[in-house]
Amino acid sequence: MTDTSLGRATEPDGAPRIASLDVLRGLAILGILFMNINDMGGSLFASFGDPRHFGWSQPDQVAWWLREVLADGTARCLLEMLFGVGMVILTDRFATSAERWAVMRRYYVRNIVLFAFGLIHIFILLWPGDILHTYGIAALVAFLFRKRSAQALLGIGLSMALLQLIGGGIGVAFMQHQRAEAARIEAKAATGAALTPDERKTLASVEKQRAASAQAKAVENARVAREDRWRSASTGSFATWAHSAWSSMFFLWGVSDGIGDAMFLEWVFVWEAAATMLIGAALYKWGVIQGSRSRRFYVAALVAGYAIGLGGRIVATNAGMQFLPGPQLIGAFGEVTRLATTLGHVALVHLLLSSAGGARLLRPFVAAGRTALSIYVAQTIVCLWILYPPFALGLYGTQGWASLMLSALAIDAVLLWGANVYLRHYAIAPVEWAWRSIIGGRLLPIVRGTRIDRPVAA
């Protein structure tokens, strides 16, 4: 049902482009800056804790609420789904001219090179929030299931994705029950009534939890204060900034940063990405993500996705703004609401693309999708090397949520304009050119109308 007036294109290496997927990819890569800019313009570790660290004026609260409800995690989710789509398209294309192990080798090389690009992004451009290295690893896992049916891919992906609902939900529910029980016991003790051994044991357990939470909060505050000191223009330097970026990345990989225990979040990110890639592959095999289903289908998907996703996110975000101690049970449903909201976004895009006006509105995002890797790196250069480093403009820590979101909007507008202008003259974006040239073993033409077919120099 997707409008075909968006046009067709191929890469210089012959890879076909699907315009509707490029629109989704362009929206996702531009949308991800709204998730990253607070970690670039302020403390990355503060994002794990109290959002009030970035400012909590009325405009800041509105900006943060909208970000959490409409966007949080959905750009990343969509990129992960599209990675799964690319896996199906690429491996099917490879398989027409290669045997099984050759397909696997070629796909693995492609993602190992992407992983290497991610390491450059982290250790040279100093962005510890990089997703390229994570997706490079996750794709190697997802590849093992590529031949499964759409039903099997969806089942495996959802099973992986919903483990946090089972494990996290049980854990949070138990903690909340225990706290409620402790409040009852404390009220009983206040009356002078004798406590049973089990009641005393419950109180001791809750007190231990409170002490651990207080200690964790103190560690978090120390970590945020150190990052602010190392990255701000007044107290930091290039050396302290680089140290902050590298230590943050190693911390996420499971290496202690000298303040507290490491988080081992990298493996959580890989698990999430692999699961969502499988879901994306299933949606492609069903014709959902590329816009091949009926208008009625996308209307139903939009209503269901937003009812579950936005409904749950509104409840969770409003609960988060109460700043109550401990995790809330609704938080355990975060992956459910992320997937549902992303499905709603996909449906909305395809409903827009099915109309002439909507297709015209979204046509510029085709260029963003074709230059997604380069835009992603450009976002890092603009934010980390111009706006928020300890030199240049040195704006780290000076903006609240509203200002950060407006900055992201302005940066994306310029990059979207630049992508469209660039593709009028060039066949492929710089980062994409480097990646495809390396994995193809030859320099690809970068200027429109030129032909280059020689091996990359050793």
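Quick rundown of the values:
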item: Failed criterion for residue 172 (all others in (1) surrounded by 17 or more Cβ atoms within 10 Å (Cβ to Cβ); (2) modelled with pLDDT of 90 or more; (3) part of a helix (DSSP H, G or I) hold); result: (2)
item: Every pair of residues 6+ apart whose Cβ atoms lie under 7 Å, when the first sits in segment 199-224 and is closer than 25 Å to residue 241 by Cβ while the second is assigned to a helix (DSSP H, G or I) and at pLDDT 90 or above; result: 220/45; 223/45; 224/45; 224/46; 224/53
item: Selected residue (only one of 126, 119, 90 is assigned to a helix (DSSP H, G or I), at pLDDT 95 or above and aliphatic (A, V, I, L, M)); result: 119
item: Residues being under 19 Å from residue 36 (Cβ atoms) and either crowded, with 21+ Cβ neighbours inside 10 Å or touching a helix residue (DSSP H, G or I) at 6+ places or on another chain (Cβ under 8 Å) (or both) - total across segment 236-256; result: 9
item: Tally, over segment 121-152, of residues that are out of contact with any Ser or Thr (no Cβ under 6 Å at 6 or more places or on another chain) and crowded, with 16+ Cβ neighbours inside 10 Å; result: 21
item: Subset of segment 52-77 [polar (S, T, N, Q) and surrounded by fewer than 16 Cβ atoms within 10 Å (Cβ to Cβ)]; result: 57, 58
item: Matching residues in segment 335-368 - criterion: being in contact (Cβ under 8 Å) with a residue 40 or more places away in the chain, small (Gly, Ala, Ser) and in contact with a helix residue (DSSP H, G or I) (Cβ under 8 Å, 6 or more places away or on another chain); result: 344, 347, 354, 356, 358, 359, 367, 368
item: Test: residue in segment 265-286 that is assigned to a loop (DSSP other than H, G, I, E, B), of a type outside the set (A, V, I, L, M) and at pLDDT 95 or above; result: yes
item: Test result for residue 414, of a type in the set (A, V, I, L, M), assigned to a helix (DSSP H, G or I), surrounded by fewer than 19 Cβ atoms within 10 Å (Cβ to Cβ) and at pLDDT 95 or above; result: yes
item: Any hit, segment 51-69, residues being part of a helix (DSSP H, G or I) and within 22 Å of residue 350 (Cβ to Cβ); result: yes
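The values are calculated or read from the model by the stated rules, or taken from the named source; none is laboratory data. Note that this is a predicted model, so its numbers are computed, not measured. Note that each Cβ is placed from the backbone with ideal geometry, even for glycine, and that neighbours are counted across all protein chains shown.
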